[in-house]
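S.K.: One structure, pasted below without further comment.
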Amino acid sequence: MNREEETSCSHELLDEETLFVVSQTFKALGDPTRIRILNLLCEGEHSVNDIADVLDLGQSTVSHQLRFLKNLRLVKFRREGTTMYYSTDDDHIMNLLKQAIEHATHN
């Protein structure tokens, strides 16, 4: 695939489901708290308590945002006893996030 093919948009009409998923994905990336959570999870797996402590957020806020991200399949979790550990679940979106961060910090 050449550079032009990588950056060109599809000329096909998008179905309603695709439009919805794309808009929800951008909605997820449009929230500063979710961006902070995803950026932290880029480093590796974290528990809800770890995320809350590192980002100085309430546990209920973190749980709410993780539920939103999980429903979009942007994060996944595993349970160890009573602790839930979250990690990223979509490399495409994480690459998009990394590119957006690089764009924002580019001088």
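The values are calculated or read from the model by the stated rules, or taken from the named source; none is laboratory data. Everything quoted here is computed from the prediction, not taken from an experiment. All Cβ positions, even for glycine, are placed from backbone atoms using ideal geometry, and neighbour counts span all protein chains on display. These accessible areas exclude ligands, DNA and RNA; they are computed on the full protein's heavy atoms, side chains included. Shrake-Rupley method; radii C 1.70, N 1.55, O 1.52, S 1.80 Å.
S.K.: Can you find even one residue in the stretch 82-94 that is open to solvent by 100 Å² or more (accessible area, probe 1.4 Å) and farther than 17 Å from residue 24 by Cβ?
M.R.: The answer is yes; a qualifying residue exists.
S.K.: For the stretch 66-81, how many residues are within 10 Å of the chain's Cα centre (by Cα) and either surrounded by fewer than 12 Cβ atoms within 10 Å (Cβ to Cβ) or at negative phi (or both)?
M.R.: 7
S.K.: Let me ask something else. List pairs: first in the stretch 78-97 and farther than 19 Å from residue 60 by Cα and outside any strand (DSSP E or B), second open to solvent by less than 40 Å² (accessible area, probe 1.4 Å) and of a type in the set (Ser, Thr, Tyr), Cβ under 9 Å, 6+ apart or cross-chain?
M.R.: Correct list of pairs: 90/25; 93/25; 94/88; 96/25.
S.K.: Does the stretch 15-23 contain any residue that is at pLDDT 95 or above, among the charged types (D, E, K, R) and open to solvent by less than 90 Å² (accessible area, probe 1.4 Å)?
M.R.: No.
S.K.: Hey, another quick one. Looking only at the stretch 54-64, how many residues end up being part of a helix (DSSP H, G or I), in contact with a Lys or Arg (Cβ under 9 Å, 6 or more places away or on another chain) and touching a residue at least 24 places away in the same chain (Cβ under 8 Å)?
M.R.: So the count comes out to 0.
S.K.: Now for a separate question. When both residues are 6+ apart or on different chains and their Cβ atoms are under 6 Å apart, which pairs have a first residue that lies in the stretch 65-77 and is farther than 18 Å from residue 44 by Cα, and a second that is open to solvent by less than 20 Å² (accessible area, probe 1.4 Å) and of a type outside the set (S, T, N, Q)?
M.R.: 72/28
S.K.: Residue 51 passes all but one of (1) more than 24 Å from residue 20 (Cα to Cα); (2) touching a residue at least 40 places away in the same chain (Cβ under 8 Å); (3) buried (at least 16 other Cβ atoms within 10 Å of the Cβ); which number fails?
M.R.: Evaluating residue 51 over (1) more than 24 Å from residue 20 (Cα to Cα); (2) touching a residue at least 40 places away in the same chain (Cβ under 8 Å); (3) buried (at least 16 other Cβ atoms within 10 Å of the Cβ) leaves (2) as the failure.
S.K.: Find all pairs meeting these conditions: Cβ atoms under 8 angstrom apart; at least six residues apart or on different chains; first residue within the stretch 28-48 and in a loop (DSSP other than H, G, I, E, B); second residue open to solvent by less than 50 Å² (accessible area, probe 1.4 Å).
M.R.: Filtered contacts from the stretch 28-48: 31/65; 44/87; 45/86; 45/87.
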